[in-house]
Ligand SMILES: *Cc1c(COP(=O)(O)O)cnc(C)c1O
């Protein structure tokens, strides 16, 4: 039985939605993007969502809105996909990396210690769809002690009056705390619709605005303009007969989402409740089957108050060495089961190593990485396939450990 890691969910509804867009005569940003933005706003309970062409570009634009500049610091976990830090670099600031906790998310105590007068934003990552401790993070950035460190240097920072909380919700579109979506619990939430994510548009993302001291709907107009090179009229409006004149009023980016892509995400979003419940089924079956093994450290059990979007099943194994873990992945690959590692800590990547980040400073990230193997998790997986995967993980694990015991 061949098991792929994370195939996109493409059914007849997705195909019809794309076909409709292709046949409509309008394929770039237009009615489908508008509909997707409105559907996101409704589902997430926020005033303004702006679709873009990736998480990376969306987070970069949000940080540019905040006006971060050289010398400014943005706190990110060391244990994430590199894009979290790349957006900070792209916006012209410095990523300050912080180690993770047992839940594989930002260690809030270490985050607090990392805050300086240069800190302008914090980007917690909802790893695997598991929401971060936003109540604690908010309490810290809103405390007088931390607020007094904040050094506003432009109008937006002045109006915000504290460090910005921007969630990397690339995995967590469906995650909730106390019945509220993540977008409702942070200042700005950025989603990814990359091909392997919960909802996909092939490539894409969305910026969700929930800034208490701002008019988010008015800000949306600015953000939309900035996704189109700072142009006052989008192509759809400009295309109407006679409406040719436009102006460029700011140095924007070119990061708009095409309608053809929005069509894919829109069809998926309309059945997201079903897709999420299927992800939950797979997640819980893994937990049940692997729960029998003392060496299997399972990702968090979800309680009604804190709901994951079941994006990944990050299994940690104890005991295991890094090379045994690699062997386990290779052994499963031989059996045609694709697995993955989330993540290689950023300080282990060349760009960051060269910039002086050292993995020794992030022991928990390293320890998590060397024991981690991510199992396939998507709605299309049948219970039979999940049982098959677990049987093979267990078998491959004992095969590798047995061999190593004999060597000793
Ligand atoms: C996928 C991913 C991103 C980047 O998303 P893009 O849409 O590809 O830019 C950022 N952060 C995390 C945690 C991701 O998994």
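Is one or more of the residues making up the stretch 162-172 in a helix (DSSP H, G or I), away from the ligand (no atom under 16 Å from the Cβ) and in contact with a strand residue (DSSP E or B) (Cβ under 7 Å, 6 or more places away or on another chain)?
There is no residue in the stretch 162-172 that is in a helix (DSSP H, G or I), away from the ligand (no atom under 16 Å from the Cβ) and in contact with a strand residue (DSSP E or B) (Cβ under 7 Å, 6 or more places away or on another chain).
Quick check on this structure: which one of 45, 92 is on the phi > 0 side of the Ramachandran plot, surrounded by fewer than 24 Cβ atoms within 10 Å (Cβ to Cβ) and out of contact with any strand residue (DSSP E or B) (no Cβ under 9 Å at 6 or more places or on another chain)? Let's see the steps before the verdict.
Working: 45 fails: out of contact with any strand residue (DSSP E or B) (no Cβ under 9 Å at 6 or more places or on another chain).
None of the others qualify; the one that does is 92.
Looking only at residues that are near the ligand (Cβ under 9 Å from one of its atoms) and touching a strand residue (DSSP E or B) at 6+ places or on another chain (Cβ under 6 Å) in the stretch 48-64, which one is nearest to residue 81 (Cα to Cα)? Steps first, answer last, please.
Keep residues of the stretch 48-64 that are near the ligand (Cβ under 9 Å from one of its atoms), which gives 52-59.
From the residues that got through so far, the ones that are touching a strand residue (DSSP E or B) at 6+ places or on another chain (Cβ under 6 Å) too are 52, 54-55, 58-59.
Values: 52: 19, 54: 14, 55: 11, 58: 15, 59: 13 Å.
So, considering only residues that are near the ligand (Cβ under 9 Å from one of its atoms) and touching a strand residue (DSSP E or B) at 6+ places or on another chain (Cβ under 6 Å), the one nearest to residue 81 (Cα to Cα) is 55.
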Problem set entry | Given (1) within 25 Å of residue 343 (Cα to Cα); (2) out of contact with any helix residue (DSSP H, G or I) (no Cβ under 6 Å at 6 or more places or on another chain); (3) outside any loop (DSSP other than H, G, I, E, B), index of the condition residue 159 fails | (1)
For this session: Would you point out which residue out of 103, 145 is out of contact with any helix residue (DSSP H, G or I) (no Cβ under 7 Å at 6 or more places or on another chain), more than 30 Å from residue 201 (Cβ to Cβ) and surrounded by fewer than 20 Cβ atoms within 10 Å (Cβ to Cβ)?
Result: 145
Exercise. Within the stretch 99-113, can one find any residue that is within 15 Å of the ligand (Cβ to nearest atom), closer than 20 Å to residue 131 by Cα, without any contact (Cβ under 8 Å) to a residue 40 or more places away in the chain and in a strand (DSSP E or B)?
Worked result: yes
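Would you check if there is a residue in the stretch 227-243 being crowded, with 24+ Cβ neighbours inside 10 Å, under 24 Å from the mean Cα position of the chain (by Cα) and within 21 Å of residue 90 (Cβ to Cβ)?
Kept after step one, since they are crowded, with 24+ Cβ neighbours inside 10 Å, are these residues of the stretch 227-243: 227.
Going one step further and asking which of them are under 24 Å from the mean Cα position of the chain (by Cα), we end up with 227.
Restricting the remaining residues to those that are within 21 Å of residue 90 (Cβ to Cβ) gives 227.
Yes.
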Exercise. Can you find a residue in the stretch 20-40 that is under 30 Å from residue 123 (Cα atoms) and part of a strand (DSSP E or B)?
Worked result: no
Exercise. Given (1) without any contact (Cβ under 8 Å) to a residue 40 or more places away in the chain; (2) in contact with a strand residue (DSSP E or B) (Cβ under 9 Å, 6 or more places away or on another chain), where does residue 192 come up short, assuming only one miss?
Worked result: (1)
For this session: Taking residue 292 as the residue in question, decide whether it is part of a helix (DSSP H, G or I) and outside the structural domain of residue 194 (by TED's automatic domain parsing).
Result: no
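Mind checking which residues of the stretch 362-393 are without any contact (Cβ under 8 Å) to a residue 60 or more places away in the chain, surrounded by fewer than 18 Cβ atoms within 10 Å (Cβ to Cβ) and in a helix (DSSP H, G or I)?
Here is the first cut: in the stretch 362-393, the ones without any contact (Cβ under 8 Å) to a residue 60 or more places away in the chain are 366-367, 370, 372-373, 382, 384, 391.
Filter again for surrounded by fewer than 18 Cβ atoms within 10 Å (Cβ to Cβ), leaving 367, 382, 384, 391.
Those that are without any contact (Cβ under 8 Å) to a residue 60 or more places away in the chain, surrounded by fewer than 18 Cβ atoms within 10 Å (Cβ to Cβ) and in a helix (DSSP H, G or I): 367, 384, 391.
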Exercise. Which residue out of 58, 67, 129 is surrounded by 24 or more Cβ atoms within 10 Å (Cβ to Cβ) and at positive phi?
Worked result: 129
Exercise. If you go through the stretch 125-144 one residue at a time, how many are more than 21 Å from residue 303 (Cα to Cα) and in a loop (DSSP other than H, G, I, E, B)?
Worked result: 1
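The values are calculated or read from the model by the stated rules, or taken from the named source; none is laboratory data. All values derive from a computational prediction rather than experimental measurement. So basically every Cβ, Gly included, is an ideal-geometry build from the backbone, and we count neighbours across all protein chains shown.
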